[in-house]
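Colleague: This is the structure I have questions about; it appears just below.
Laboratory data are not the source of any read-out in this text; all were calculated from the coordinates shown. Source: prediction; values computed, not measured. Using ideal geometry, Cβ is built from the backbone for each residue, glycine included, and neighbour counts are taken over all protein chains shown.
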Amino acid sequence: MRYSADHKFWVVTDPTPGSVLGDVLFEASLRDLEKQFKGGLTTDEHPTLFTEKPEAEIEAYGRFTAMRAAQAVLNAGRENRIDRIEIYGADGRLVFETDLRGGVR
């Protein structure tokens, strides 16, 4: 498919603690995206382009979930309430583990 400067697509960026969905998921053209970059958007925010809104929504909600989980872990770790994290996949296999006092394994 050929895209012109005015063809619309969906953009997803990384959320911050104060973000709302419209901050990280929006419809834009290349012209609009150029304005976003001039206004301060950087590649450090991992902008990702999607042609279909449902795919973009899944990505945006996933990024919000990851950001909120990271905040919860950080806050709990500061209060010395947790010292280990384990994440299991849908099949029950361990996919990530870390000892917060000893680093990532």
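Colleague: Only one of 96, 37, 26 is without any contact (Cβ under 8 Å) to a residue 12 or more places away in the chain, hydrophobic (A, V, I, L, M, F, W, C) and assigned to a strand (DSSP E or B). Can you tell me which?
Modeller: Values: 37 fails: assigned to a strand (DSSP E or B); 26 fails: without any contact (Cβ under 8 Å) to a residue 12 or more places away in the chain.
Testing whether each residue is without any contact (Cβ under 8 Å) to a residue 12 or more places away in the chain, hydrophobic (A, V, I, L, M, F, W, C) and assigned to a strand (DSSP E or B) leaves just 96.
Colleague: So how many residues does region 58-90 have that are farther than 25 Å from residue 20 by Cβ and within 21 Å of the chain's Cα centre (by Cα)? Before the answer, list the steps.
Modeller: First, the residues of region 58-90 that are farther than 25 Å from residue 20 by Cβ: 77-90.
Narrowing further to those that are within 21 Å of the chain's Cα centre (by Cα): 85-90.
Of the residues in that region, 6 qualify.
Colleague: How many residues does region 47-57 contain that are of a type outside the set (Val, Ile, Thr) and either outside any helix (DSSP H, G or I) or within 14 Å of residue 17 (Cα to Cα) (or both)? Show your work before the answer.
Modeller: Kept after step one, since they are of a type outside the set (Val, Ile, Thr), are these residues of region 47-57: 47, 49-50, 52-57.
Checking which are either outside any helix (DSSP H, G or I) or within 14 Å of residue 17 (Cα to Cα) (or both) leaves us with 47, 49-50, 52.
So the count comes out to 4.
Colleague: Turning to a different aspect of this structure: What tally of residues in region 32-79 results from selecting those that are surrounded by 14 or more Cβ atoms within 10 Å (Cβ to Cβ) and small (Gly, Ala, Ser)?
Modeller: Filtering region 32-79 for residues surrounded by 14 or more Cβ atoms within 10 Å (Cβ to Cβ) gives 32-33, 36, 41, 45, 47-48, 50, 56-57, 59-61, 63-64, 67, 73, 76-77.
Cutting the leftovers down to small (Gly, Ala, Ser) gives us 56, 60, 76-77.
Total meeting the criteria: 4.
Colleague: Something else about it: If you take the residues in region 48-82 that are among the basic types (Lys, Arg) and in contact (Cβ under 8 Å) with a residue 12 or more places away in the chain, which one is nearest to residue 28 (Cα to Cα)? Spell out the reasoning first.
Modeller: Initially, region 48-82 is screened for residues among the basic types (Lys, Arg), giving 53, 63, 68, 78, 81.
Narrowing further to those that are in contact (Cβ under 8 Å) with a residue 12 or more places away in the chain: 53, 63.
Numbers: 53: 12, 63: 19 Å.
So the residue we want is 53.
Colleague: In the set 60, 69, 56, 76, which member is small (Gly, Ala, Ser) and in contact with a helix residue (DSSP H, G or I) (Cβ under 6 Å, 6 or more places away or on another chain)?
Modeller: After applying the criteria, what remains is 60.
Colleague: Would you confirm, using the coordinates I've provided, whether residue 19 is surrounded by 10 or more Cβ atoms within 10 Å (Cβ to Cβ) and in a loop (DSSP other than H, G, I, E, B)?
Modeller: Numbers: surrounded by 10 or more Cβ atoms within 10 Å (Cβ to Cβ): yes; in a loop (DSSP other than H, G, I, E, B): yes.
In short, yes.
Colleague: In region 28-43, what residues are farther than 10 Å from residue 8 by Cβ and among the hydrophobic types (A, V, I, L, M, F, W, C)?
Modeller: Scanning region 28-43 gives 33, 37, 41.
Colleague: Looking only at region 1-32, how many residues end up being of a type in the set (Ser, Thr, Tyr) and in contact with an Asp or Glu (Cβ under 7 Å, 6 or more places away or on another chain)? Give the steps one after another, and end with the answer.
Modeller: Pass one, region 1-32, residues of a type in the set (Ser, Thr, Tyr): 3-4, 13, 16, 19, 29.
Those still in the list that are in contact with an Asp or Glu (Cβ under 7 Å, 6 or more places away or on another chain) too: 13, 29.
Total satisfying the criteria: 2.
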